[in-house]
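Q: Below is the structure I would like to discuss, written out as structure tokens.
The values are calculated or read from the model by the stated rules, or taken from the named source; none is laboratory data. Only a predicted model underlies this, so the values are computations on that prediction, with no experimental measurement involved. Note that we place each Cβ from the backbone using ideal geometry, even for glycine, and neighbour counts take in every protein chain shown.
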């Protein structure tokens, strides 16, 4: 971290010195590209960190420019300048946040919908800018925009731009180190898993998009006095596309890359655009190459080059877990009730009047042949699968229509069948996110304190699975067995009342299976939580289960102790391959 | 009454052309899971083919084979160099095809400049129908589109290739295990999809201003239709075209073009929020 701070301070010093080292026209041009670079930083926040690509970012830049242009047209006091800045930040942020909320609410992942909606918005902005002449001046643009009071637009305004850039860089770099930033990266890695850790992921993404809109608006606010004119091109899709290209070529995984991209391509373009007809075709080709072959862009290349010389500029300081959070007192008597739950997709019955009740804590195993509906039952319970009829009750409350991210709040933790962890985050970061479940509030979201949180359960888990101590290892490099264990640890760290484990021992070696069984039974004894474990391995069922449910073709076939189940004729028929 | 008939015919005409444009995108997105951001650029290539054919003094009909040739070559190149490596990586496909879209746009701009080109009316006359006078080219266009849809649908349902494609979509692994060459089939599907876009471009060329950036509008309206109609069914595609085309036409007539555009954009955002699977969904 110290290393990047040095690099960033050096870059800042260079930027401040540039007007003294070169001519003022060069600094003036550079000022414009730095503003574009700022917008690129917002794109990097959404795209590189959050995994969703805004294609119409010029809209927010343009709104900022129109707002500040309108205010600066009339008055020249500092009060109006400050109000222009504030409005240019808040209005784009509000629009971006609102659009983000609506679009992300029902869409998971980085699908095309969000990108295309933002592209369409930018097109709409362009049309409005052309047609609403009374606000925007139409095709000819907003003209006669004064500079900031007493500030020469061709001279000292440059330093204000560098100042704004320094602020946006500092804010973004800090933001990405906070729990908010870590959660944003978790959303990129695995949105579904993040939801089951109790995070309203659409809110996180919308907030990031709003922040990117705010930064674009701030850059736009400086654009108006810098250029003295604001035309519809400023909100348009061509600039939007260029902004994405600059961010990609410069490098979207950090906040310096987008600036490098904007400045580099900006200067090259101003020299070559007119003399070389195919210049923009070449830029598009470079963009495609970056997307396909070097996603990190220029800054990614520099980082990997430095790494070759053993200079790792990306390593994080790991704070010690000095603050032990006391154990939750949550052990009420759990009652889970499936009441005639049916799910039909087309002609296929997935769940067929499934009814059962769990009233005692302990380990309940859910077994049955493939396709019996075990995972679907858990999906119905956690809001991943809508059921046509029936209802599921947990502690007396109906769970119908519950959103997955709400399940941890009511004491339900779930491990998915395929181990889902955040591959590009470190083991430490994975565990941090799990510890934050139900404990992180808005105030913590932007402070660094939650990194020092630890629990006694974590200490126990680290004893059972020593690899959890390897804090700086990326989770994606773990073996399948270790991933299962990490996923298990993340599920239970929130200390839920109802723990759903979907095949926790799948893919584990015999030795690892024993370790997992030991960890589960230890936790079952100490926490008195209720476990539902979907399992095929009868050895695991034998060692762990207090109670067994057998499902077949979407129905409950039998229930009881393992001895009772083994003696059950119907179960024997199903498992021996006979027909019922 | 006459105004009503005119409106209904206009509505059918605009829905039909929209349906033709969205068809290729729906094929490629629905069957291959590839959001082809360059879809509109293939429409644009088709329109420019018509322009080139006319400026060479050839009969307009030549534009059809030429545009299909252009789209097959460009589409094949695109599939071969980019798409093929990115199946099952939807986000990267989005990015790469976005890059291709810019590439094609800028390429055409460099060759033909940004100016509007106009393609002459092929059939300037009108026909009296149901008591009103209506441009004959538009009526012919509606007929051609209906014919294309029926043929394609029958082919997809009855032909062996159609069966193979359906098998591939349902279970690619199993399809290749029983001897279906899924990678070739994907290439063919992609090329057919973009060729339909090119064909749409030719047919629309006499009615619109031809310029390098028209593709974007077509991409977005196709995308709105997919949101509203939902993926995977022909009914959804047609209903989506009617809803988007209809509300755009209606609001544009009452207020102005920008209001029409605003209304379909808001409609799409609302659909994404309230009915994320569209009116007609496979699920």
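Q: Kindly check whether there is at least one residue in segment B:191-214 that is within 14 Å of chain A (Cβ to nearest Cβ), assigned to a helix (DSSP H, G or I), at pLDDT 90 or above and surrounded by 15 or more Cβ atoms within 10 Å (Cβ to Cβ).
A: Yes, because at least one residue in segment B:191-214 is within 14 Å of chain A (Cβ to nearest Cβ), assigned to a helix (DSSP H, G or I), at pLDDT 90 or above and surrounded by 15 or more Cβ atoms within 10 Å (Cβ to Cβ).
Rundown of residues vs (1) closer than 26 Å to residue A:95 by Cα; (2) buried (at least 22 other Cβ atoms within 10 Å of the Cβ), yes/no style:
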| position | (1), (2) |
| --- | --- |
| B:231 | no, no |
| B:234 | no, no |
| B:240 | no, yes |
| B:245 | no, yes |
| B:259 | yes, no |
| B:266 | yes, no |
| B:270 | yes, no |
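Q: For segment B:17-49, which residues satisfy the criterion of being closer than 15 Å to residue B:205 by Cα and more than 14 Å from chain A (Cβ to nearest Cβ)?
A: B:17, B:18, B:20, B:21, B:42, B:43, B:44, B:45, B:46, B:47, B:48, B:49
Q: Filter segment B:65-85 down to the residues that are without any contact (Cβ under 8 Å) to a residue 24 or more places away in the chain and buried (at least 17 other Cβ atoms within 10 Å of the Cβ), then identify the one that is nearest to residue A:241 (Cα to Cα).
A: Only one residue tops the list, namely B:82.
Q: What helices (runs of 4 or more DSSP H), lying completely within segment A:1-85, carry at least 2 residues that are closer than 20 Å to residue A:214 by Cβ, out of contact with any strand residue (DSSP E or B) (no Cβ under 8 Å at 6 or more places or on another chain) and assigned by TED's automatic domain parsing to the domain that holds residue A:223?
A: A:24-44, A:58-74
Q: Scan segment B:241-283 for residues that are more than 14 Å from chain A (Cβ to nearest Cβ) and assigned to a helix (DSSP H, G or I) and jot them down.
A: B:241, B:242, B:243, B:245, B:246, B:247, B:249, B:250, B:253, B:254
Q: Filter segment A:310-339 for residues that are surrounded by fewer than 14 Cβ atoms within 10 Å (Cβ to Cβ) and modelled with pLDDT of 80 or more and give the result.
A: A:323, A:324
Q: If I ask for residues that are closer than 30 Å to residue B:30 by Cβ, more than 10 Å from chain A (Cβ to nearest Cβ) and in contact (Cβ under 8 Å) with a residue 12 or more places away in the chain, which ones from segment B:86-135 would you list?
A: Once the filter is applied, which keeps residues that are closer than 30 Å to residue B:30 by Cβ, more than 10 Å from chain A (Cβ to nearest Cβ) and in contact (Cβ under 8 Å) with a residue 12 or more places away in the chain, segment B:86-135 yields B:87, B:88.
Q: Here's something else I'd like to know. Limited to segment A:204-245, what total is found for residues that are within 24 Å of the chain's Cα centre (by Cα) and within 14 Å of chain B (Cβ to nearest Cβ)?
A: 8
Q: Are any of the residues in segment A:533-541 surrounded by 18 or more Cβ atoms within 10 Å (Cβ to Cβ), part of a strand (DSSP E or B) and touching a strand residue (DSSP E or B) at 6+ places or on another chain (Cβ under 6 Å)?
A: yes
Q: Right, something else. For residue B:42, work out the one condition from (1) buried (at least 16 other Cβ atoms within 10 Å of the Cβ); (2) in contact with a strand residue (DSSP E or B) (Cβ under 6 Å, 6 or more places away or on another chain) it doesn't fulfil.
A: With (1) buried (at least 16 other Cβ atoms within 10 Å of the Cβ); (2) in contact with a strand residue (DSSP E or B) (Cβ under 6 Å, 6 or more places away or on another chain) applied to residue B:42, the lone miss is (2).
Q: Give the number of residues within segment B:16-35 that are under 15 Å from residue B:72 (Cα atoms) and outside any helix (DSSP H, G or I).
A: So the count comes out to 0.
Q: In the set A:199, A:215, which member is in the same structural domain as residue A:31 (by TED's automatic domain parsing), crowded, with 21+ Cβ neighbours inside 10 Å and not in a helix (DSSP H, G or I)?
A: A:199 is the lone residue from the list that is in the same structural domain as residue A:31 (by TED's automatic domain parsing), crowded, with 21+ Cβ neighbours inside 10 Å and not in a helix (DSSP H, G or I).
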